[in-house]
Amino acid sequence: MIKKIRTKLQNLFIAGLLVLLPISITVFILTFIFQKLDNLLSPAFVKLLILLGLPLVKGQSIPGLGFVATIVIIIFTGLITKNILGRKLFSLGEIIVERIPVARSIYSGAKQIIDAVSKSQLDAFNKVVMVEYPRKGLFSLGFVTCEARGEIQENTNKSVVNVFIPTTPNPTSGLLIFVPKDDIMPLSMSVEEGIKLVVSGGIVTPTKVSGNLQHKKELKS
């Protein structure tokens, strides 16, 4: 009897955890971002308002002011970079940053990631596949990022693609493998469904969607 109660409580605890954990993580991340942005610029703008003659006490904080100021700065930066002069100033700033040893490495790495994600040619992120990994007879879920290029493709006899193999339950970590197109098994599920499958450890399994054969032909073409 005690064992049944314990098992029931464990199942209820896991069920509640699966519901509350995503909500808690979302609230935590959004709160963290809001507080950081707010604390970053709020003091400076309060001082500016005081200089403008507004009735504020020095050191007084206005919740949300820094966050709003950050949004305004981002929009203003985008507005500036839309004209020729703004783009030239931005290019000049990049040249200066690239001459600073430590800042150069951080900036170039971040820029490469952002450029890669923003390029329209990487719509291959929408492809979910299965590959025989880590050995023959075992299969792993993966996400195609793009076709292999440069030295990687030149040193292989077959046309290969880059496949990201995520880990469970954190799909943001994993490993990158290079798989011949003929060894890829495309799936009809969306990236969102694939991520749910990974995060849930296989508990949330999407239903099979027709058209998988056509999807496979498109991926291998």
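The values are calculated or read from the model by the stated rules, or taken from the named source; none is laboratory data. Quick caveat: nothing in here was measured; it's all calculated off a predicted structure. Here the Cβ is made from the backbone with ideal geometry for all residues, glycine too, and neighbour counts use every protein chain on show.
Observations, loosely collected:
- Residue within segment 173-184 that is in contact with a Pro (Cβ under 7 Å, 6 or more places away or on another chain), in the same structural domain as V199 (by TED's automatic domain parsing), surrounded by 10 or more Cβ atoms within 10 Å (Cβ to Cβ) and farther than 17 Å from S200 by Cα present: no
- Residues of segment 145-159 include none that is closer than 18 Å to P206 by Cβ and within 20 Å of the chain's Cα centre (by Cα).
- Criterion: among the β-branched types (V, I, T) and modelled with pLDDT of 75 or more - qualifying residue of I5, I62: I5
- Count - residues of segment 72-87 that are assigned to a helix (DSSP H, G or I) and surrounded by 11 or more Cβ atoms within 10 Å (Cβ to Cβ): 6
- Residues in segment 136-165 that are closer than 26 Å to K196 by Cβ and at pLDDT below 90: T145, C146.
- Here segment 166-185 is the region considered, the condition is being free of Cβ contacts under 8 Å to residues at least 40 places away in the same chain and assigned to a strand (DSSP E or B), and the residue that is nearest to I195 (Cα to Cα) is P166.
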